[in-house]
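What follows is calculated from the coordinates using simple rules that are stated; it is not laboratory data. As the structure is a prediction and not an experimental result, all values here were calculated from the model. FYI the Cβ positions are ideal-geometry reconstructions off the backbone, even for glycines, and counts take in every protein chain you see.
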Amino acid sequence: MYVTPAQFTEVQKGQMDAFFALSQTMFDATERLVELNLAAAKATVEDSVEKTQALLSVKDAQEFMALSGSFAQPTLEKFVSYSRTVYGIANGAGTEISRIVESQVAEGNKKVAQAIDVAAKSAPAGSEPALSMFKSAVAAANTAYDTMNKAAKQVVDVAESNLAAATSATMKAAAAASESAKPTATRGKKA
């Protein structure tokens, strides 16, 4: 099979389109992460100012303990929210990259199949076993790719499930710790 300039140009265009799509996906994800980090930094500074002002207005040790205990839960919730957002951005970018790569692999497989068909039509007599072996090798490679892809998706699903469970458990534990600290502070004020 001879590659014509038009075929070469078509392949190059496909590669450039895929590269542009991957680049755009990465730039979009990076932009979203930068925006998230700037918003988080701004919120952290504002939060620090509020907490510092609140701590400076404390009159006694009991009020200090009650106030400092009340800081943990909102901070943990903000951290969990931030982490979820980062994970969502990364997961979205990963999904888009997977889609682009799968599209490129499918297109590559199509081109290989076309090349094999053209080669089979113009192959000399007696080369059928070699072409059959080559087709089998391509099919085995595609099956291996599909199997690895499915396994990777299962790993991601399990990781997402575990992350959700860990986040839920952490939030429940923090809420319970915060609740157990409140009665102590309240009892201290009544005494």
Once the principal axes of the Cα atoms of the chain are found, what is the range along each, listed largest first in whole angstroms? 101, 30, 12
If unit charges are put on Cβ atoms (+1 for Lys and Arg, -1 for Asp and Glu) and the dipole of the stretch 23-179 is taken about its Cα centre, the option from 90, 134, 73 lying farthest towards the positive end turns out to be 134
So, R0 is 30 Å and r is the distance between the beta-carbons of residue 152 and residue 71; what FRET efficiency does that work out to, to 0.05? 0.15
For the chain, size of Cβ-based charge dipole, Lys and Arg +1, Asp and Glu -1, in debye: 580
Hey, rough spin-label estimate for residue 138 and residue 6, points 7 angstrom out along Cα→Cβ, what's it come to in nanometres? 2.1
With the crude spin-label approximation of a point 7 Å out along Cα→Cβ, what separation in nm comes out for residue 20 versus residue 34? 2.1
Compute the label zone of residue 131 within the stretch 102-121: residues whose backbone N is under 12 Å from the point 7 Å along Cα-to-Cβ. 114-121
Please work out how much length the chain gains when fully extended from residue 85 to residue 173, using 0.36 nm per residue of separation minus the C-alpha to C-alpha distance, in nm with one decimal. 29.6 nm
Under the definition of Cα pairs under 8 Å and six or more residues apart, what whole-number percent is the relative contact order of the chain? 41
